[in-house]
1. By average Cβ neighbour count within 10 Å, what is the ranking of 133-140, 158-165, 219-226 from highest down?
2. Residues of the stretch 149-167 with amide nitrogen under 19 Å from the 7 Å Cα-to-Cβ point of PHE180?
3. Less than 11 Å Cβ to Cβ from GLN165, Lys/Arg counted +1 and Asp/Glu -1: what total charge do the surrounding residues give?
4. Quick one: of LYS118/LYS188; LYS84/LYS113; LYS98/LYS160; LYS98/LYS204; LYS106/LYS208, which pairs are farther than 24 Å apart, Cα to Cα?
5. For LYS88, give me every one of the aspartates and glutamates with a C-alpha distance below 20 angstrom, ignoring sequence neighbours fewer than eight places off in its own chain.
6. Subtract the Cα-Cα distance of SER72 and ASP164 from 0.36 nm times their separation in residues, and report this length gain in nm to one decimal.
Amino acid sequence: MNEEQTNINPAPAPENTPPTGQYQQSQPSHEQPAKPRLPIKRIVTILIIALIVALLYYFRGVFIAATVNGTSISRLEVLRMLEKQSGKTALDSLIAEKLVLGEAKKRGISVSKEETYKEIAGIERQVSAQGNTLEAVLSLQGITREDLEAQITLRQTAEKLIADQLQVTDEEIRQYIKEFKVEIPAGKEAEFTEQIRNELKAQKFSQKIQELITSLRGQAQINYFTDY
């Protein structure tokens, strides 16, 4: 047979021909790598710490009393020393104050703002007559006007509690003049008599209010949680 035989074997594929579906080469990516992010909790923690540091600096006077060559002295150290030196005296004074105010409330005794302001006005006049100001005097003593008002109100309250025991008689004044040989200049009798009366009244107040406080302490229930 002279017919040409049909070649049924496909021609071999070129050696460098890429497999089907891989004709397009992959393009390089232009996306930037993701930047690392801080966790939310860590950010919040940093902010809180920064806020605390700022507050401590702003209110450093609340915690630090002074620094010596870079070494701090805390207010707690100062308070501890003050408590050690005069803690019992301060506590006794506060107890006495509570007892007096409590007894006054029980008896319906009170002091008005007008009464307190009237006495302060008198003090201001005396200080002014000496060429000074009340604010300057209070500053030297380390107290504020509010402290003075509280002290005067407390004393006025105590005076009302024992008012019937603070009377000074003319006989007591004469006895005082005789005992201490007080020489009164002519024309100054009324002034000196008033001064002596006030001094005797102050002595009586000191004695009688202490007696009242002692009595009130004996009747009160006082619990101590700190020893001084």
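Values quoted throughout were computed directly from the atomic coordinates according to the rules given, and no laboratory measurement underlies them. Because the structure is a prediction, the values reported are computed rather than measured. In this analysis, Cβ positions are derived from the backbone assuming ideal geometry, glycine residues included, and neighbour counts consider all displayed protein chains.
1. The densest-packed peptide leads the list: 158-165, 133-140, 219-226.
2. So the set is 166-167.
3. Working: positive: LYS201, LYS204, LYS208; negative: GLU159, ASP164, GLU211.
Net charge around GLN165: 0.
4. Checking Cα-Cα distances, LYS118/LYS188; LYS84/LYS113 exceed 24 Å.
5. The qualifying aspartates and glutamates are GLU77, GLU97, GLU211, ASP227.
6. Separation in residues times 0.36 nm, less the Cα-Cα distance, equals 27.8 nm.
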